[in-house]
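All remarks here apply to the structure that follows.
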Amino acid sequence: MLNFAIVGCGHIAEKHAQSISSTEGACLYAVCDTNRIQMQQFNEDYCAEMYTNIDIMLRDSSVDVVNICTPTGSHAMLAIKAANAGKHVIVEKPIALTLSDADAIIEACKRNGVKLAVVHPNRFRPAVLALKKALDEGLFGKLSHVNATVRWNRDQAYYNQALWRGTKAMDGGVLMNQAIHNLDLLQWLIGPLQEVQAFTTTRLRNIEAEDVAVAVVQFQEGVLGVIEAATTVYPKNYEESISIFGETGSAVIGGSTGNWIKHWTFKGVTQEESEQLIKDIQQNPFGIPGHQHIVADMIEAVRDNRTPVVSGEDGKKALQFVLEIYGAAEQRPKPLLEERMMINQ
């Protein structure tokens, strides 16, 4: 039995608590937050010990694993503290907001001999696992191009819930906070990036970071990709999708949360086989929650002394993908109209 402690009792913490309580060999032992009112429900529902000071909590020898569920800008400080206290670490996505902070987390966990996992739960969706299997079996043949789309709604009220939301120092925009899951999938499914061209902007929300982003990318194997991400879609989430097209196959995983197979055609795979897979996914599109997979895998990683399946390095790759898009958007040439005006002057 491993005792888990959740740091940060906001919205996402409930998913962690449910996943811990639903996993054999896991116990939600403690929660930590500066706001006692936010902790109270976890105490009532899970009998979790309550701490308002993380340093005191980390001195509790009963705590084995610390789940970091705070705003992203605080991940590095808290994860490093947990690692230095000899606790295994599960950190919510993104692992951090800078590569230097990500490296510091990874190094601290290595130095202290503790496990580090990053929460990218979309990898465990049944449709995504089917897509990964098709790629591994070579059903697509030589890949042509891919597409990742996030057309969601996060209205101004969402950002107004807390001062840190939508800030560059603590949160980031649609790429860092929402679409990073899809960028993680592209890295996992297709491979490393080679080149990026991008635009990011803040169109509708009163926030510091971007609410719309588009990018064209090339992966190291020559595969081209198009990325579109927005939190400005009215009036609610419309689409989250991953599309892959190859020489001998094509597939689209979509729906409002990317849990359903929308298109599935491969050379050598009969229509009946494809339809049966689609039907099987439709019967249970969500499967075991991804957060629960992460918790269960941490238990196995500790038991077997191996690296978690979504490692710190995996989290860093997803973060680097976001930062590459940000960098490309910042470095793009001046708009043609602005350039012509400068020449005329």
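The values are calculated or read from the model by the stated rules, or taken from the named source; none is laboratory data. Values in this document were obtained by computation on a predicted structure and should not be read as measured data. With ideal geometry, Cβ positions are generated from the backbone for all residues, glycine too; neighbour counts draw on all protein chains shown. Surface accessibility is based on the protein's heavy atoms, side chains included, excluding ligands, DNA and RNA. Shrake-Rupley method; radii C 1.70, N 1.55, O 1.52, S 1.80 Å.
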Q | Test for residue 147: is it within 30 Å of residue 267 (Cα to Cα) and open to solvent by 10 Å² or more (accessible area, probe 1.4 Å) | A | yes
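When you look at residue 186, is it among the hydrophobic types (A, V, I, L, M, F, W, C), closer than 19 Å to residue 325 by Cβ, outside any strand (DSSP E or B) and touching an Asp or Glu at 6+ places or on another chain (Cβ under 7 Å), yes or no? Talk me through it step by step, then tell me what you get.
Details: among the hydrophobic types (A, V, I, L, M, F, W, C): yes; closer than 19 Å to residue 325 by Cβ: yes; outside any strand (DSSP E or B): yes; touching an Asp or Glu at 6+ places or on another chain (Cβ under 7 Å): no.
Considered against the rule, which asks whether it is among the hydrophobic types (A, V, I, L, M, F, W, C), closer than 19 Å to residue 325 by Cβ, outside any strand (DSSP E or B) and touching an Asp or Glu at 6+ places or on another chain (Cβ under 7 Å), residue 186 comes out as no.
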Q) What is the residue count in the range 213-234 for residues that are closer than 18 Å to residue 328 by Cα and modelled with pLDDT of 95 or more? A) 14
Q.
Considering only the range 234-249, I want to know if a residue exists there that is over 26 Å from residue 173 (Cβ atoms), open to solvent by 60 Å² or more (accessible area, probe 1.4 Å) and part of a helix (DSSP H, G or I).
A. no
Q: Quick one: which residue in 169, 215, 148, 230 is of a type outside the set (Asp, Glu) and within 21 Å of residue 310 (Cβ to Cβ)?
A: 148
Q.
Checking residue 280 against (1) touching a Ser or Thr at 6+ places or on another chain (Cβ under 8 Å); (2) more than 28 Å from residue 118 (Cα to Cα): exactly one of these is not met. Which one?
A. (1)
Q. Does at least one position in the range 9-29 carry a residue that is at positive phi, under 24 Å from the mean Cα position of the chain (by Cα) and touching a residue at least 40 places away in the same chain (Cβ under 8 Å)?
A. no
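Residues in the range 310-325: is at least one of a type outside the set (Lys, Arg) and free of Cβ contacts under 8 Å to residues at least 24 places away in the same chain? Steps first, answer last, please.
Looking only at the range 310-325, we keep the residues that are of a type outside the set (Lys, Arg), and these are 310-315, 318-325.
This time we only want the ones that are free of Cβ contacts under 8 Å to residues at least 24 places away in the same chain, so: none.
Looking for residues that are of a type outside the set (Lys, Arg) and free of Cβ contacts under 8 Å to residues at least 24 places away in the same chain, one finds none in the range 310-325, hence no.
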Q | Number of the exception - residue 64 against (1) closer than 25 Å to residue 168 by Cβ; (2) open to solvent by 10 Å² or more (accessible area, probe 1.4 Å) | A | (1)
**Q.** Residues satisfying the stated conditions in the range 200-220, i.e. surrounded by fewer than 21 Cβ atoms within 10 Å (Cβ to Cβ), of a type in the set (Lys, Arg) and under 13 Å from residue 167 (Cβ atoms)
**A.** none
Q: Hey, can you tell me all the residues within the range 278-295 that are open to solvent by 50 Å² or more (accessible area, probe 1.4 Å) and either under 27 Å from residue 309 (Cβ atoms) or assigned to a loop (DSSP other than H, G, I, E, B) (or both)?
A: 280, 282, 283, 284, 286, 288, 289, 293
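Specify the residue that is surrounded by the most Cβ atoms within 10 Å (Cβ to Cβ); the eligible residues are those in the range 1-43 that are of a type in the set (Asp, Glu) and assigned to a loop (DSSP other than H, G, I, E, B). Quick ask: steps written out before the conclusion?
Narrowing the range 1-43 to residues of a type in the set (Asp, Glu): 14, 24, 33.
Next cut, assigned to a loop (DSSP other than H, G, I, E, B) only: 24, 33.
Numbers: 24: 7, 33: 22.
In this case the residue turns out to be 33.
Please go through the range 150-180 and pick out each residue that is closer than 15 Å to residue 226 by Cα and buried (at least 21 other Cβ atoms within 10 Å of the Cβ).
Of the range 150-180, the ones closer than 15 Å to residue 226 by Cα are 150-151, 175, 179-180.
Listed by number, the residues that qualify are 150, 175, 179, 180.
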Q) Of all residues in the range 44-57, which are open to solvent by 10 Å² or more (accessible area, probe 1.4 Å) and either within 24 Å of the chain's Cα centre (by Cα) or among the hydrophobic types (A, V, I, L, M, F, W, C) (or both)? A) 47, 50, 54, 56
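Got at least one residue in the range 130-141 being more than 30 Å from residue 64 (Cα to Cα), touching a Ser or Thr at 6+ places or on another chain (Cβ under 6 Å) and at pLDDT 95 or above? Talk me through it step by step, then tell me what you get.
Within the range 130-141, the subset more than 30 Å from residue 64 (Cα to Cα) is 130-141.
If we keep only those that are touching a Ser or Thr at 6+ places or on another chain (Cβ under 6 Å) too, we end up with 141.
With at pLDDT 95 or above added as a condition, the list becomes 141.
Taking every residue of the range 130-141 in turn, at least one turns out to be more than 30 Å from residue 64 (Cα to Cα), touching a Ser or Thr at 6+ places or on another chain (Cβ under 6 Å) and at pLDDT 95 or above.
How about the range 187-199: which of its residues are of a type in the set (S, T, N, Q), open to solvent by 40 Å² or more (accessible area, probe 1.4 Å) and touching a residue at least 40 places away in the same chain (Cβ under 8 Å)? Give the steps one after another, and end with the answer.
Taking the range 187-199 and keeping what is of a type in the set (S, T, N, Q), we get 187, 194, 197.
Then drop every residue that is not open to solvent by 40 Å² or more (accessible area, probe 1.4 Å), which leaves 194, 197.
Of everything in the range 187-199, just one residue is of a type in the set (S, T, N, Q), open to solvent by 40 Å² or more (accessible area, probe 1.4 Å) and touching a residue at least 40 places away in the same chain (Cβ under 8 Å), namely 197.
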(Q) Residues that are farther than 18 Å from residue 298 by Cβ, open to solvent by less than 10 Å² (accessible area, probe 1.4 Å), at pLDDT 95 or above and not β-branched (Val, Ile, Thr): does the range 79-97 have at least one? (A) yes
Q) How many of the residues in the range 122-133 are out of contact with any Leu (no Cβ under 8 Å at 6 or more places or on another chain) and buried (at least 20 other Cβ atoms within 10 Å of the Cβ)? A) 4
Q | Of all residues in the range 67-78 being closer than 19 Å to residue 17 by Cα and hydrophobic (A, V, I, L, M, F, W, C), the one that is surrounded by the fewest Cβ atoms within 10 Å (Cβ to Cβ) | A | 78
